Amino acid sequence: MPALLILIPLLAILALNLPWKSLMNRLAFWVGLALCLVQTGLALQPQSRFWHSPSLWLGNLLLFEPSVDHLSLVMFLAIGIVGAVTLFVCRYSTACAGNRFMVINVLILALTGMNGVVLANDLFSLYVFLEITAVASYILIAFEKGRDAFEGAFKYLILSAVATVMILAALALLMLTAGDLSFAAIQAAIASSPHSRVVLAAIALLMVGLFIKGGLVPFHGWLPDAYSAAPAAASVLLAGIVTKTTGIYTLIRLVTSVIGYNDTLQTLLLFVGAASMLIGALAALGQSDFKRMLAYSSISQVGYMVLGLGAGTVLGMVGAIFHLFNHAIFKSLLFVNAAAVEQQSGTRDMNRMGGLAEKMPVTGWTSVVAFLSTAGIPPLAGFWSKLIIIVALWEAGYTTYAALAVLASLLTLAYFLSMQRRVFFGKLAAGFESLKEGNLWILVPACVLALITIGIGVGIPWLFETFMLPIRSLL
Amino acid sequence: MTSPLLFVALLMLLLLAGVWTVMTLNLLKSAIGLAITSVLLTLLLFLLDAPLAGVFELSVCAGLITVVFISAISLTKPLTGPEASERDRSRVKRFFFLPILIAGAAWVLYALGLRLDSPLPPAIAEMDVRQVLWNVRRLDLVGQILIILAGVFGVVILFKDRSDKKEAPKS
Amino acid sequence: MNLNGILTLAVVVPFVGAFILPVIGRWSERLRNGLSLIFVLVSLVAAVALIPTVTAGRTLLVQWAGFNLFYADTLAVFMAFVSSLVGAIIVLYSFGYIRHYSWRNEYYFMVVLFLGSMMGIVFSRNLLILYLFWEITAIACWRLIGFFREKSYVLKADKAFLVTVFGALVMLLGFITIYHQTGSFDLGQIQETLQGQPISNLAVTLILFGILSKSATVPLHTWLPDAGVAPSPVTALLHAAVLVKIGVYVYARLFLASWTIEPVWHTIIPAIAAVSALVAAGAALLETDLKRLIAYSTISQIGFIFLGLAIGNEIGIAGGLLYILMHGIAKGGLFLCAGIIEQNTHTKDITKMGGLIATMPVTAVSFLLCAFSVMGIPPFGGFFSKYMVMTGAVTSGQIAIALTFLVGAFLTIIYLFRVFTLVFFGESKLAVRPLPAEGSPVMVFSVALLGALSILSGLFINFPSHFVQSAVQQIIWVQSAVNQILGFIP
Amino acid sequence: MIEHLQAIFATSIIFIILLSVTALYCMLVSRNLIRILIGLELLIKAVTLLIALTGYLTGRMALAQTFIITLIVIEVVVIAIAAGIVIGAHRHNQSLDVRTLRNLKG
C-alpha cells in the first residue's frame, strides 16, 4: 500500500481547501503534522504490513504497486521527520494564520512530491515528482516576497529547470534504446549496449542534471542564494531534505539500480564529491551570514555522500545513505537554530552577534550537538556515517580521497567553531540584553532533533543491523 | 513519414524561428517568435503521428504560455529611450556571435554524422493514447493534478496583494 | 559485586553522571558539588579496588553484546588511579575556586565528563571506543578553555580544539590503516592477527601524530601554553594530571603493551622527545606569565616521560610510568598554587609579584614541595622516577638520552627556582596593600594535600614502585611472548 | 526501413541540438529576466521534439504523447510561477535587468 503515501496527502490537501476557511486554517497544521508523524511511524517499522501488502480500493486508484526497500524507508523516515520539524518552524515564524495556511498546503505538496520521488520506479514518473517538489520549493522560497527571496527563487528555478530539461533529454535518449522508461527496462538496455554513444550521452546528461539538482560543485551557484533567501521554514525543508531527495537520493537510486558502476562513473563521482566537499568547506569559512554559511556547509556534506557513493562498495553506499539521513537531521537542526536566532535577534549577520547562548541556552547547546555531529566528532551520529565513508574509501583503495575526507572534516570543524564563537559562545554582544529564547514551537523540534542525533550516535550498533545493513541488497 | 522534405523544411523553419526569437530586439516580438516556434513544433508533432500532443502544444504553449508572457511583459515597465538604445548597442555586440555559433555547430554536427548506434527496441502493439494515459500512466495523471494544485497555490500566493505587510516578519 | 562490574562503574558513573549535574545544579549548588566529587571518587575507589587483582597478574575484560568493551591490566589501573586521584583533588579545589564565576553548572558538567571519558580511554579495549572518548575529552577541553567567554580566550579554545581534533583525525586514519591490515578494531584481535609482526610504518606515523598533538609535544605544542587562559583547576587538569598524559598512556598502551613497531622508531621517538623536552625547557626559562611558564615546564616533562618509555628496557619503562604519577601530583599542585596566586593578586606576571611568602605561607610551602618533586630532589617522589629513567638509559647504553636528561633536569631546577624566588621572596611589586592573603580553606587544603603527597610518595616509594613494577612486568611479558612466537628473544 | 529511421534521426538530432544551443545561448547571454525565460521555453521545445522523435522511432507514439502532454502541463505551471517571480522581482527593483540580481553574493 505504499502508494497511499502519495494519495492520502493529495486528498488531505483537497479536503483542507473545502470552504470552511477559519476551521481549515486551524486544522491545517495538525493535519500536516499527523501526515508526517504517521509516515515516520510507518517507516520505523520495516516489517509492517503497510509496505508489503497489495493496495485496497483506494490505493488501487493509482494502478501503482512500487516495491519498497530499505533505502526508500530511510528516505521516508527522513522526509517525515524533517517535514514535521518544518511545520513547527512554520508555526513559529509565520504569524499570520492565512499565510500559514497557504505555506502548509504547499509544504504538504512538497512532501508528497518527495514521497513520489522515492516511490517512483519509472524515469518519467521520477521526473514528474521532481518537478512537483521543485515547483513547491520555488513557491516556498518566494513566499515572503522579499527582494532576496525573488532573486534566490529565480536562480533556483532557472538552474533547476535546466537540470530537468537535461534529465528529460536523457530520458528520451534512453527510451530510444529501451522502449520503455521503467528502471528495469532501462537497466537491461544499458547493460546490453554499454558503449553506445547514445547511452553514454544520456548518462552524461543525467549526471549533470542530478549534480545541478543536488547542488554539487561546479553547479552549486544557486544553492547558497536559495537557502539564505528562503523564509525560515522553507530553508529547513530545502536544506534538510529537498535537495537531498531530488539530487542525492535520485543519484544513488539511478546509479545503483539503473546505470550501474563503471570506472569512469566512479572517477567522476569521486572527483565531484571531493571537489564539493573541499570547496564547500572553504567557502563556508569565509561567510558572515549565518544561513549562507550553513548552505555552503550543505554543499560540503553532500560531497561526502557522493564520495561514499563513488567508492562503489556496499560499505560506501551504506555510509552515503546513512550520512544523507544524518545530514537531514543535523542540518535541519542547524537551520532551526538559525531560524530561532534570526527571529529573536532580527539579524543573520554573525559579526553582530555574540554570546547568545547566555540568553538562548537551549538553542546554543543544540547547535553544539548539531555542529559536532556535522564535523564528525564522536559519539554523535555524523561521526559514524563519516567513519563508514572513510573506511569504505580506504578499503576500496582510494586512500587519497579518504585523507581528503578527513581533512575536510577538520575544515568543517573550523568554520563551525567560528560560527559558534561568533554567535553563541563568548561575551554577550551589545544590544542583545533583552533577548529571549524562542517559544516552544521552535524549542521542541530543536530538542527532538538533538536527541535523535545523540541517540543515533549512541545506538549505532542496533541501527546498523536494523536499517543500514539491509541496504546492501541494493548492489 | 508522409513527406520527408516537408519534415526537413519544418525543422529548418523551427530553427529559424528559434534564432529569430532570440535575436529580435523587441521583447514582445520575441514572445511572438516563441509562439511561432510553438506552432511549427505543433506541425512537426502532427507529422510525427502525435496529433493529441500537437493539439496540446498548440492550445497550451502557443496559446496560454504566450498570454502569460505577454501579460508579464505588459505588467513590467518598458525601458526608457536612452536605456533602450544603450541596451540595443550592447545586445548587438552580445548576440552577434549566435549565427556564427549556429553555423559552426551545424557544420561540426554534420561532419560528426550522428547516428543511432544502439539497437531499437522491438516493436509492440500500440495502444490508444487515452488508454495509455489512463491505464498505464495513471501515476503521472495524479502527478499532473498535484502540479496543477501547486501552480494554483503559487499563482494565488505570488499575485496576491500583500495586505498583511505589517505582520510579516523582518527579512 | 564482581570485578567486571567495578570496572564498568569506574567509567560509566562519572561519564553518565556528568549529564545530570547541570540539571541538579539548577536547584542545589551544594548537592551538585557533592555529587561531582562523589562521581570522581567512585572512579578512584574502583581503581583502588582493582589494584590487588591486577597486580596479581590477572586481567579483566568487560564484554557487551559480544563486543569487547573495557579491559583492565596493571597499566590501565595505574593510569586510572593517577588520573582519578589528581582529578578528585582538583574537583575539591574547584569548590573554592569556581564559586566566584558564573556558568558553574557547565563547569562541573565538563570536568566530570572529562574525567569520565579519561577513564574510558584508559580502559578501552577497542580502538574506536578509544577514539570516541579521546574526542569527548577534546570537546570538554574546548568548553573549559573558553570558560571565561572572552573573545581571545574562545579563540584559543578553538585553536586547542582544532589542533587536537586534527591530531585525532590523523590518528583515526592510522587506526583505519590498522583495520585494513588486520580486519579489526579490537586490540586483542589485532594482536592475535599480527602474531608479533610490527605494524606498518604508515600506521605508526599517523597514530604518533595524534599522540604527539594530544600530549603537546613540539612542534604540536602551541595550544598548551595558550590553554592557560582556562580557570586554574582546568589547567591543572589539562596540563598536569590528565589530558597530556593521555598521549603518553596511549603510546604505552599501543606501542609497548599491545604491538611491536619497527626498530627505527626507537631512534626517532627519543629524538622527537629530546628536542621537545629541551626546547620547552628553554621557553620556560624566558617566560614571565606564571601559567604559561608551568605549561612549558609540562611540555618539557612530557618529553622526559616519552624518553623514559622509549628506552625500552624494564627500568626505563618503569621510570616513565612512575614519572606519570609523580609529575601528575606535583604539577597539579603547582598549577593549583598558581590558581590561588592568580585569583588573589589578579595578575599572572611573575615579575610583578614578590614577597608573597609572608601572607601565603601554606601556599608557598606547598609550591616549594611540588617544585622540589618536579626538579627531582631526593627524597621527593620526582627524584625516584628521574633516577630510574637515568639508570635505564645508562644500563642500556643510551648515553645520548642520559645526557639530554641531565641537561633537562638542570634547566628544570633553574627555572623553577627562578619562579619561586620571584613570586615568594624579595620586595613585593604588587600595587595592592595589604598583600593578598591565602585562598579559601578548601583550596589551601587541596594544595597542601598535593604538596604532602609529593613528599610522601617519595618517602613511601615502595608502594608505587611495586605497582609500576607489576605493570612493567605485564608489558615486558607481552613483548617477550610476542618475540617468542617469532623465535628471537633478545 | 531501418535506414529510413536512421536518416530521420540523423537529421532531426542536428536541429534539436542546434535549437538547444540557441536556447542555452539566449539564457546565458540575456540580461532580461523574461528573455531568459523565453530561452528556457525554447529549450523545452527542443526536448519536446526529441521525445516525439523517440516515440516515432521506437514505434511507441502513444507513450511518447502521454509524456509530452504531461510535460506541457508541467511546463505551463513552471512558466506561470516563473512569471510571478519575475514580476515580483520587477516590483522590487523596477528593472528586469539580471544585473540587479546581485544582492546575494559570496
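The values are calculated or read from the model by the stated rules, or taken from the named source; none is laboratory data. Please read all numbers here as calculations on a predicted model, not as lab measurements. Glycine gets a Cβ as well: all are built from the backbone with ideal geometry, and neighbour counts include every protein chain shown. Ligands, DNA and RNA are excluded from the accessible area calculation, which covers all protein heavy atoms including side chains. Shrake-Rupley method; radii C 1.70, N 1.55, O 1.52, S 1.80 Å.
Here are a few things to note about the model shown:
- Of the set (1) open to solvent by less than 10 Å² (accessible area, probe 1.4 Å); (2) more than 28 Å from A:M102 (Cα to Cα); (3) not charged (D, E, K, R), all apply to A:Q187 but (1).
- Residue identified as farther than 30 Å from B:L5 by Cβ and modelled with pLDDT of 90 or more among D:A64, D:A89, D:A80, D:A23: D:A80
- Where a residue in region C:277-301 is of a type in the set (D, E) and its partner, wherever it lies, is open to solvent by 30 Å² or more (accessible area, probe 1.4 Å) and assigned to a loop (DSSP other than H, G, I, E, B), with Cβ under 7 Å and at least six apart: C:D289/C:K348
- Meets criteria (over 22 Å from B:L139 (Cβ atoms), within 7 Å of another protein chain (Cβ to nearest Cβ), open to solvent by less than 10 Å² (accessible area, probe 1.4 Å) and assigned to a helix (DSSP H, G or I)) for A:L109: no
- From the options A:L181, A:L238, A:L254, residue that is within 28 Å of A:N337 (Cβ to Cβ) and of a type in the set (A, V, I, L, M, F, W, C): A:L238
- Taking helices (runs of 4 or more DSSP H) as the structural unit, those lying wholly within region A:384-472 and holding at least 3 residues that are over 30 Å from A:T347 (Cβ atoms), open to solvent by less than 20 Å² (accessible area, probe 1.4 Å) and at the interface with chain C (Cβ under 10 Å from one of its Cβ atoms) correspond to A:399-423.
- Region C:43-57 - residue that is over 21 Å from the mean Cα position of the chain (by Cα) and farther than 24 Å from C:V111 by Cα and, of those, modelled with the lowest pLDDT: C:G57
- With respect to (1) out of contact with any Gly (no Cβ under 6 Å at 6 or more places or on another chain); (2) in a helix (DSSP H, G or I); (3) crowded, with 24+ Cβ neighbours inside 10 Å, the lone exception for A:P378 is condition (2).
- The condition (being part of a helix (DSSP H, G or I) and either closer than 30 Å to A:E151 by Cβ or touching a Ser or Thr at 6+ places or on another chain (Cβ under 7 Å) (or both)) is satisfied by just one residue among D:I36, D:I51, D:I14, D:I69: D:I36.
- Residues of region C:25-66 classified as among the aliphatic types (A, V, I, L, M), out of contact with any Gly (no Cβ under 6 Å at 6 or more places or on another chain) and closer than 19 Å to C:A88 by Cβ, total: 14
- Residue list for region A:247-266, filter: farther than 20 Å from A:E131 by Cα and touching a residue at least 60 places away in the same chain (Cβ under 8 Å): A:T256, A:S257, A:V258, A:I259, A:G260, A:N262, A:L265
- Summed over region B:122-157, the residues that are part of a loop (DSSP other than H, G, I, E, B) and open to solvent by less than 20 Å² (accessible area, probe 1.4 Å) give a count of 1.
- In region D:14-32, the count of residues that are in contact (Cβ under 8 Å) with a residue 60 or more places away in the chain, more than 7 Å from chain B (Cβ to nearest Cβ) and either open to solvent by 10 Å² or more (accessible area, probe 1.4 Å) or of a type outside the set (D, E) (or both) is one or more.
- For region B:30-67, the set of residues classified as touching a residue at least 40 places away in the same chain (Cβ under 8 Å) and either among the aromatic types (F, W, Y) or within 14 Å of B:G18 (Cα to Cα) (or both) consists of B:A31 only.
- Qualifying residue in region A:5-16 (condition: more than 14 Å from chain B (Cβ to nearest Cβ) and in a helix (DSSP H, G or I)): no
- Counting the residues of region C:143-171 that are open to solvent by 40 Å² or more (accessible area, probe 1.4 Å) and either modelled with pLDDT of 90 or more or closer than 28 Å to A:A405 by Cα (or both) gives 5.
- Of the residues examined, A:I141 is one that is within 18 Å of the chain's Cα centre (by Cα), assigned to a helix (DSSP H, G or I) and more than 7 Å from every other protein chain (Cβ to nearest Cβ).
- Residue that is least open to solvent (accessible area, probe 1.4 Å), among those in region D:86-99 that are under 23 Å from A:A136 (Cβ atoms) and more than 7 Å from chain B (Cβ to nearest Cβ): D:A89
- Filtered residues of region A:163-181 (kept if more than 8 Å from chain B (Cβ to nearest Cβ) and open to solvent by 30 Å² or more (accessible area, probe 1.4 Å)): A:M166
- Pairs linking a residue in region A:388-400 that is at pLDDT below 90 to a residue that is not in a helix (DSSP H, G or I), with Cβ atoms under 7 Å and 6 or more positions apart or on different chains, are A:E395/A:T313.
- Residue, surrounded by the most Cβ atoms within 10 Å (Cβ to Cβ), within region C:403-432, restricted to residues that are among the hydrophobic types (A, V, I, L, M, F, W, C) and not in a helix (DSSP H, G or I): C:L430
- Failed item in (1) hydroxyl-bearing (S, T, Y); (2) open to solvent by 10 Å² or more (accessible area, probe 1.4 Å); (3) away from chain B (no Cβ under 14 Å), with A:S192 passing the rest: (3)
- Residues being under 14 Å from the mean Cα position of the chain (by Cα) and either within 23 Å of A:I190 (Cα to Cα) or part of a helix (DSSP H, G or I) (or both) - total across region A:213-225: 3
- Whichever residue in region A:1-41 is among the small types (G, A, S) and touching a helix residue (DSSP H, G or I) at 6+ places or on another chain (Cβ under 7 Å) and, among such residues, is most open to solvent (accessible area, probe 1.4 Å): A:A12
- Pairing residues of region C:19-31 that are under 9 Å from C:F109 (Cβ atoms) and in contact (Cβ under 8 Å) with a residue 24 or more places away in the chain with residues that are assigned to a loop (DSSP other than H, G, I, E, B) and of a type in the set (A, V, I, L, M), at Cβ distances under 6 Å and at least 6 apart in sequence or on separate chains, gives no pairs at all.
- For region A:342-374, the set of residues classified as modelled with pLDDT under 90 and surrounded by 24 or more Cβ atoms within 10 Å (Cβ to Cβ) consists of A:L356, A:M360, listed by residue number.
- Scoring B:P4 on the criteria (1) more than 17 Å from D:A46 (Cα to Cα); (2) modelled with pLDDT of 90 or more; (3) in contact with a helix residue (DSSP H, G or I) (Cβ under 8 Å, 6 or more places away or on another chain) leaves a single failure, condition (2).
- Residue match in region B:54-64 (condition: open to solvent by less than 10 Å² (accessible area, probe 1.4 Å), in contact with a helix residue (DSSP H, G or I) (Cβ under 7 Å, 6 or more places away or on another chain), small (G, A, S) and more than 7 Å from chain D (Cβ to nearest Cβ)): yes
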